[in-house]
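Enquirer: Have a look at the structure that comes next, please.
Values in this text are rule-based calculations from the coordinates and carry no lab data. Fair warning: this is a prediction, and the values are worked out from it, not measured in the lab. Glycine gets a Cβ as well: all are built from the backbone with ideal geometry, and neighbour counts include every protein chain shown.
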There are 6 protein chains.
Amino acid sequence: MHILVVNPNTTSSMTRKIGAAARAAAAAGTEIVAVNPDFGPASIEGHYDEAFSVPGLIAEIKKAGDADAYVVACFDDTGLDAARCATEAPVVGIGEAAFHVASLVAGKFAVVTTLARSVRAIEHNLVRYGLAGRCAKVRASEVPVLELEVPDSTARDRISAEIDRALREDAAEAIVLGCAGMADLAAALSQEHDVPVIDGVACAVKLCECLVSLGLKTSKSGAYAPPRAKLYSGMFAPFAPPC
Amino acid sequence: MHILVVNPNTTSSMTRKIGAAARAAAAAGTEIVAVNPDFGPASIEGHYDEAFSVPGLIAEIKKAGDADAYVVACFDDTGLDAARCATEAPVVGIGEAAFHVASLVAGKFAVVTTLARSVRAIEHNLVRYGLAGRCAKVRASEVPVLELEVPDSTARDRISAEIDRALREDAAEAIVLGCAGMADLAAALSQEHDVPVIDGVACAVKLCECLVSLGLKTSKSGAYAPPRAKLYSGMFAPFAPPC
Amino acid sequence: MHILVVNPNTTSSMTRKIGAAARAAAAAGTEIVAVNPDFGPASIEGHYDEAFSVPGLIAEIKKAGDADAYVVACFDDTGLDAARCATEAPVVGIGEAAFHVASLVAGKFAVVTTLARSVRAIEHNLVRYGLAGRCAKVRASEVPVLELEVPDSTARDRISAEIDRALREDAAEAIVLGCAGMADLAAALSQEHDVPVIDGVACAVKLCECLVSLGLKTSKSGAYAPPRAKLYSGMFAPFAPPC
Amino acid sequence: MHILVVNPNTTSSMTRKIGAAARAAAAAGTEIVAVNPDFGPASIEGHYDEAFSVPGLIAEIKKAGDADAYVVACFDDTGLDAARCATEAPVVGIGEAAFHVASLVAGKFAVVTTLARSVRAIEHNLVRYGLAGRCAKVRASEVPVLELEVPDSTARDRISAEIDRALREDAAEAIVLGCAGMADLAAALSQEHDVPVIDGVACAVKLCECLVSLGLKTSKSGAYAPPRAKLYSGMFAPFAPPC
Amino acid sequence: MHILVVNPNTTSSMTRKIGAAARAAAAAGTEIVAVNPDFGPASIEGHYDEAFSVPGLIAEIKKAGDADAYVVACFDDTGLDAARCATEAPVVGIGEAAFHVASLVAGKFAVVTTLARSVRAIEHNLVRYGLAGRCAKVRASEVPVLELEVPDSTARDRISAEIDRALREDAAEAIVLGCAGMADLAAALSQEHDVPVIDGVACAVKLCECLVSLGLKTSKSGAYAPPRAKLYSGMFAPFAPPC
Amino acid sequence: MHILVVNPNTTSSMTRKIGAAARAAAAAGTEIVAVNPDFGPASIEGHYDEAFSVPGLIAEIKKAGDADAYVVACFDDTGLDAARCATEAPVVGIGEAAFHVASLVAGKFAVVTTLARSVRAIEHNLVRYGLAGRCAKVRASEVPVLELEVPDSTARDRISAEIDRALREDAAEAIVLGCAGMADLAAALSQEHDVPVIDGVACAVKLCECLVSLGLKTSKSGAYAPPRAKLYSGMFAPFAPPC
């Protein structure tokens, strides 16, 4: 099985970390390829960055047209709906993956993400997916995305402190880490706090393996129908849906 | 007052129709400029097209940096959140505008849109905005967007028939037209069916005038904070947020 | 355009303040007439007062039968549904107006109102309108309505302190002032706290202008159908719906 | 125990029917007094009539200041919140009573009411009470309230036909009759359709008996706090809350 | 009238206390029989205990096949749905009884229960019943169930302290005691805190009396249809539904 | 990896079918053992049967104390919460598994189950899990559970007809089969209707594999804490939680 993991930002060190987390989670027969677009923002922190990361995400999916499944490796599930229209293969976002998995091991979970500006987008996704009632609170640790790439930063400690607050104040029974760049922290934080600490990258890889094994593909009868043939102009002409 | 109305698709005949509807709704002192990107899809029918229309939308907003307010003239409110991050001025989507206005004149409204594939995205927006409970049903007339630009098409009759079903089967008290390209049909359909029939383009222009008059701008303290300075690569480099 | 702004309580100093706020918000061609009933309670603080303010509100609307639109200037939207049945012209409550406008400029807003006893009624309205999910919290400043009419009171400071709590504790991105008597405070409080602070009186006037410009009237096909002809006895006989 | 049942409209034949239904439901030691205001509308069909029935309702409650509990005998629960502020004794609306009782004997119930114009108000109450999820549908039989007072009308048959539709189309497991004037039909319709058919008048009487027996009174710490002392002007001066 | 009150755990001292509370609430003509199974757990603290208490609960209901109504006297409403299938007579759970009654006397209530592990189950019930929006918070006092049976324990004080927090922090207007074993504390705690403090045992008895008086039985047309005849094996063979 | 699949009813032919479906879905290294209790009901059709199937389910889990994960193979997720308290290993219900998987491949899904009496229980689960908004409708095919074991029955055709209605009337984009006994029909029905048709048994096995691979166990900090030590009497004494 071949799963393409797309980090929709352009920071290749983060792509490597995500790839490693994905490979660590993958089954023996699963080949993971982790890529990022060569155009777009270096990190995704809010809706503006999202807007400019989605075309690159789709470009990567189109390039790798033969993957068995795709992971969108940004916790906001940036471009997930568009990606589902772009391919017949299953596509899983790391945010939704973490929410669904957390719902299987805990009555209520909390999300610990990066910056306050991302909280609303995550809340909106929870509402759309129907899982808002399962989430006690979305919390910001105020750690910027790229600080997670900096050795010797205090990022990990601030995230751990926020987890502590979620457990005490929100009665959360599990923690979802709200950024792909936190993928390498899950195991140690789980041990430290003695509750499930869930990383979306690993979850998304496993859910892709599930869907492929089950022979399930994205339904093409409604929201994710293939794009209708039409003119695409200018820099996006190469992305025009075929007739 | 200067309002920039951005049709996020590249079909200039539709932009002209939208511009005319916007001007017809505008107050005496309001200058309407209607534009569309020169790159992107010719129509927006589903999530894939959306992904490739948002950068062009943002580009138009950036070019016209001195407008007092902005209208996103696609009923899916494509790129609305990103647009709100891109400017301090108010930004209103024609979908949300129509939903809020309909809520002021009817207990429950129905939406009559183009294709079935757009229903779910509209439902998702209603859920996110909190107004799902006010909408009796989102209905597809199965009229493709660009057929609305074709003289002598039967589009208007099919839309009218769908309105009829919404009034009889859903007990809708008002109708929201679910596509910018239907802006010119609202008045006649309202007269024909004797209920409010609401066009989002006109509503969005009026709500922009409201917000500007009230001196209200998009809050910058949370979801719509300005983008943080960072590297943008490749074709999107020109859109990098300033330091 | 002629907009009748009805303060449903009988305190004329408050009516004058509301009228001034309404006129400050109105467009050049809009004539504002601000009135209050000559019978009923001096302020509206809870459901009991509401019950005795609605007939006076309707009486004022009936007297001014030729207005283009009506504003119900009590933050509880007291009698709004009844008022919509009483006229074909649009009617907008200042509570709903503020909620809809706040939804256009912020991901989540908080309400700062007068007394704790009014919190539940405002929460109920938010639930009914569908906008509860957009409101982080309804907060009481424990400032009674008529204290807002007293020079040298500390009311403003207590409201400002409550706004501060809403921003810090609720992550509110905008503030809605929950009483018509706070209309004159919005601008200064917005500047002080650097977030949108929204007054419902101004919002309702602008939304009335919107609806009138758009040619939209309250739907008469359901909840707001005109009253059926019937006998009204005693002191309310003059209000009997015509055959 | 003394329960005052207030029919908020002025039609005394309907008050007599309601009184008989209440007495039939009451326990041996319960004295039922059924009254109606001498001012206000002859029937309550929509929000306009409601506005003019609430002061009369409160007047009746104030007159009978020594009752142990009060029933608001209009299915819209007209003035229920105001009534709760007007007395320390429990107050129960026949709409809410029927909804709560139906929730104890059925997974989902349907409401069969009079006119379409009343549907939205009932839906709003269900949302406010939190019981909307328990109601499969609110249905209008298009029988006007006062036709229920007319011998030889076909009202009963049309109500029965609507019950039939609710059972077949909505999978309702119980039926709530949505008008005080239908109180005398419940038993026969239940037998005819072999499901619980629930009349709110009887339910409200029994719930009042419950609350009185349990020594429970309306909480005065929030929404139902007693009205604050203030000036009431004109025809409502006699209703001013005492200092 | 004969009401069987089943304490689904096997602790007979608790059954006696529940029986006393039930008798204190019952009307003159109501005979209360309080029983508990002779097999199962000594207390019900979480889902595991629930699983082993339901068959005993059903056994008691089957033994007493001639009661007019049944009370399930565990605050989690353990086995309530199954009990409703097992008999034609009404069945009321003490949790739901307390929630419905609290909704009649307060805008919002809080629940004060025993252990944190029970919070989620109570929240789930509130969601299922539709009354989650009426509950400000479910709070754990961390008093184990059987400590309520211990003379000289500090249980009462810890419960009172938790009530205090609910009133101050959650703006609760009434308190629901979240354990059958707290039935004897309601009156004194209500007096101490000057708000309604509601015990589910008494509420359930009164609601049973209501339903029986009204001639209402559980609907057999859907969720609570009688069990279909089928083979039951092993220790449960005696419980097989009859052909 | 060792997964124990428990069919909570006692029909061994159904257990064999479930076991085959589970093995067909399992990865190469996964050992599936499918069991059923030797006491309890022969099929689970409603809440009464559920009550008597949970102890047997727990007994099977306790017996197989060394499994890496457990599947509850009844679509009502009978006893799932209790099972999660009984073991540290992950436990997945086939109902929840199907709902979560369907949410990854479709905007909205419909459920096609056996009898009308099961509809409400499934709706309740959807509400509790938070996924009700993702389900267009729960539909009954009126095929009893054990008819699925009968060769030459018309069960498959009636299920297919109900799927057809779900696609046409509910705009469902995927179908969830609402009974473990339908596990063998999914593939052919998916091909016939050209949408994803999802069997919960296969989904649950794959999700168990996910959770085990990810090293995730049920959180023990809240709803699923291990049972507290206490006396269990009579036939359930062997199930008493250890001190």
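Enquirer: Using a Gaussian network model of chain E with C-alpha springs under 10 Å, which one of E:ALA98, E:ALA28, E:ALA166 is most mobile by mean-square fluctuation?
Expert: E:ALA28
Enquirer: Would you compute, for the Cα atoms of the protein assembly as shown, the largest minus smallest coordinate along each principal axis and list the three values in descending order, in whole Å?
Expert: 85, 80, 61
Enquirer: Quick one: order F:ASP152, B:ASP68 by neighbouring beta-carbon count within 10 Å, fewest to most.
Expert: Ascending number of Cβ neighbours within 10 Å: F:ASP152, B:ASP68.
Enquirer: While we're on this one: Would you mind ranking B:HIS124, C:HIS2 by Cβ crowding within 10 Å, fewest neighbours first?
Expert: With the sparsest Cβ surroundings first, the list reads C:HIS2, B:HIS124.
Enquirer: Further question on the same structure: Quick one: Kirkwood hydrodynamic radius for segment B:95-200, alpha-carbon pairs, angstrom, one decimal?
Expert: 13.4 Å
Enquirer: Sticking with this one: Among A:THR154, A:THR114, A:THR218, which one shows the biggest mean-square fluctuation in a GNM of chain A, springs joining Cα atoms closer than 10 Å?
Expert: Checking each option, the largest mean-square fluctuation is seen for A:THR154.
Enquirer: What is the Cα coordinate range of segment A:29-91 on the first, second and third principal axes, sorted by size from largest, in whole angstrom?
Expert: Projected onto its principal axes, the Cα set of segment A:29-91 covers 35, 20, 19 Å.
Enquirer: What distance in nm separates the two pseudo spin-label positions at D:LEU231 and C:ASP152, each 7 Å out from Cα along the beta-carbon direction?
Expert: About 2.1 nm separates the two model spin labels.
Enquirer: Based only on other Cβ atoms within 10 Å, what is the fewest-to-most ordering of B:GLU209, C:GLU60?
Expert: C:GLU60, B:GLU209
Enquirer: In degrees, nearest 10, range 0 to 90: what is the angle between the Cα axis of helix A:12-25 and the longest Cα principal axis of chain A?
Expert: 80 degrees
Enquirer: Mind telling me which of D:VAL72, D:VAL91, D:VAL101 comes out most flexible in a GNM of chain D, alpha-carbon contacts under 10 Å?
Expert: Most flexible of the set in this elastic network: D:VAL101.
Enquirer: Starting from the Cα of B:LYS62, draw a straight line to each of the lysines and keep only those under 28 Å, dropping any in the same chain fewer than 8 residues away.
Expert: Counting by Cα, and skipping residues close in sequence, B:LYS62 has these lysines nearby: A:LYS230, B:LYS17, B:LYS206, B:LYS217, B:LYS220, B:LYS230, C:LYS108, C:LYS206.
Enquirer: Same structure again: With runs of 4+ DSSP H residues as the only contributors, calculate the mean residue ellipticity of the protein assembly as shown at 222 nm using -39,500 (n - 2.57) per run, divided by the residue total and rounded to the nearest 500.
Expert: After summing the helix terms and dividing by residue count, I get -12500 deg cm²/dmol.
Enquirer: Report ³J(HN,Hα) in whole Hz for each residue of segment F:97-108, in order, from the Karplus equation J = 6.51 cos²θ - 1.76 cosθ + 1.60 where θ = phi - 60°; Gly and Pro get x.
Expert: Result, ordered by residue: 4, 5, 5, 5, 5, 4, 5, 8, 10, 8, x, 9 Hz.
Enquirer: Over what distance in Å are the Cα centres of segment A:95-119 and segment B:180-212 separated?
Expert: Cα centres, segment A:95-119 to segment B:180-212: 39 Å.
Enquirer: State, as an integer percentage, the relative contact order of chain A based on alpha-carbon contacts under 8 Å between residues 6 or more apart.
Expert: Relative contact order comes out at 22 percent.
Enquirer: For segment A:3-78 and segment B:53-71, compute the distance between their C-alpha centroids and round to whole Å.
Expert: So the two Cα centres are separated by 28 Å.
Enquirer: Let me confirm one metric for peptide E:24-32, namely the mean number of other chain beta-carbon atoms within 10 Å of its residues' beta-carbons.
Expert: Per residue, the number of nearby Cβ atoms from other chains is 2 on average.
Enquirer: To the nearest whole number, what is the average tally of beta carbon atoms from other chains within 10 Å of the beta carbons of peptide F:38-45?
Expert: Partner-chain Cβ atoms within 10 Å, mean over residues of F:38-45: 5.
Enquirer: Next up: Which shape class applies to segment D:90-138: rounded if a/c is under 1.5, otherwise prolate when a/b exceeds b/c and oblate if not, where a ≥ b ≥ c are the square roots of the Cα gyration tensor eigenvalues?
Expert: oblate
Enquirer: Something else now. Under 5 Å between amide H atoms, partner at least 5 residues away or on a different chain: which partners does E:VAL5 have, H built in plane at 1.01 Å?
Expert: The answer is E:VAL33, E:ALA34, E:VAL35, E:VAL71.
Enquirer: For segment E:211-223, take each phi angle, set θ = phi - 60°, evaluate the Karplus expression 6.51 cos²θ - 1.76 cosθ + 1.60, and give the result in whole Hz per residue in order, putting x for glycine and proline.
Expert: Rounded to whole hertz, the list is 5, 5, 4, 6, x, 8, 10, 4, 4, 9, 9, x, 4.
Enquirer: Hey, another quick one. Can you give me the long-range amide H partners of D:VAL176? Hydrogens built in the peptide plane at 1.01 Å from N, cutoff under 5 Å, separation of 5 or more residues or another chain.
Expert: Counting only residues 5 or more places away or on other chains, the set is D:ALA110, D:VAL111, D:VAL112, D:ILE198.
Enquirer: Once the mean 1/r over all distinct Cα pairs of chain E is inverted, what Kirkwood radius in angstroms do you read off?
Expert: Evaluated over chain E, this radius sits at 18.0 Å.
Enquirer: Relative contact order (percent) for segment C:95-200, with alpha-carbon contacts under 8 angstrom and 6 or more residues of separation?
Expert: 34 percent
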